[in-house]
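S.K.: I have a structure here, written as structure tokens, and I will follow up with some questions on it.
The values are calculated or read from the model by the stated rules, or taken from the named source; none is laboratory data. A quick note: this is a predicted structure, and the numbers were derived from the prediction, not measured. When we count neighbours, we look across all protein chains shown, and the Cβ atoms used for this are built from the backbone with ideal geometry, even at glycine.
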Amino acid sequence: MQIDIQTFRVALSSEDREQIRRRASFALSRLRARIARVEVRLSDINGKRGGVDKQCRVLVTLTHGPAAVVEDLDADLPTLIDRVLARAGRVAAKRIERDARQRAEPRSVFPRLRYGS
């Protein structure tokens, strides 16, 4: 699983980046075999004006199936990152389960016909 961290108007130290990588690895560890790449994008929307303006977007690219994207805003960056990564883990797990169910369901040989439309 490759973890990529991108920032826009947010200063992160190397320790902060390593902490984000550890948190992402922990939040997505049970799905590690099904995840190809994780992108964490952090940005400060209002710049130096302050307020609830930190944005975190996590894109989880699965080996099979659609990608999972989770995004949120908060004033506290560590809290925001933890919350978004936890949600990304839940969303990715649901996508994987849905994909597995669809693969397991037998498909009809004959397509369903619609009448009157």
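S.K.: Pick from the stretch 58-71 the residues that are buried (at least 16 other Cβ atoms within 10 Å of the Cβ) and in contact with a helix residue (DSSP H, G or I) (Cβ under 7 Å, 6 or more places away or on another chain): which of them is modelled with the lowest pLDDT? Show your work before the answer.
M.R.: Of the residues in the stretch 58-71, the ones buried (at least 16 other Cβ atoms within 10 Å of the Cβ) are 58-62, 65, 68, 70.
Filter once more, keeping what is in contact with a helix residue (DSSP H, G or I) (Cβ under 7 Å, 6 or more places away or on another chain): 58, 60, 62, 65, 68, 70.
Values: V58: 98, V60: 96, L62: 94, G65: 79, A68: 92, V70: 97.
The selected residue is G65.
S.K.: When the residues of the stretch 40-93 are narrowed to those that are acidic (D, E) and not in a loop (DSSP other than H, G, I, E, B), which ends up nearest to A24 (Cα to Cα)?
M.R.: Of everything passing the filter in the stretch 40-93, D82 is nearest to A24 (Cα to Cα).
S.K.: Against the conditions (1) in a strand (DSSP E or B); (2) surrounded by 14 or more Cβ atoms within 10 Å (Cβ to Cβ), where does L31 fall short? Just the number, please.
M.R.: So the condition that L31 fails would be (1).
S.K.: In this structure, is V84 under 30 Å from A11 (Cβ atoms), out of contact with any Asp or Glu (no Cβ under 6 Å at 6 or more places or on another chain) and either modelled with pLDDT of 95 or more or exposed (fewer than 12 other Cβ atoms within 10 Å of the Cβ) (or both)? Lay out the reasoning, then the answer.
M.R.: On the way: under 30 Å from A11 (Cβ atoms): yes; out of contact with any Asp or Glu (no Cβ under 6 Å at 6 or more places or on another chain): no; either modelled with pLDDT of 95 or more or exposed (fewer than 12 other Cβ atoms within 10 Å of the Cβ) (or both): yes.
Against the criterion (under 30 Å from A11 (Cβ atoms), out of contact with any Asp or Glu (no Cβ under 6 Å at 6 or more places or on another chain) and either modelled with pLDDT of 95 or more or exposed (fewer than 12 other Cβ atoms within 10 Å of the Cβ) (or both)), V84 does not qualify.
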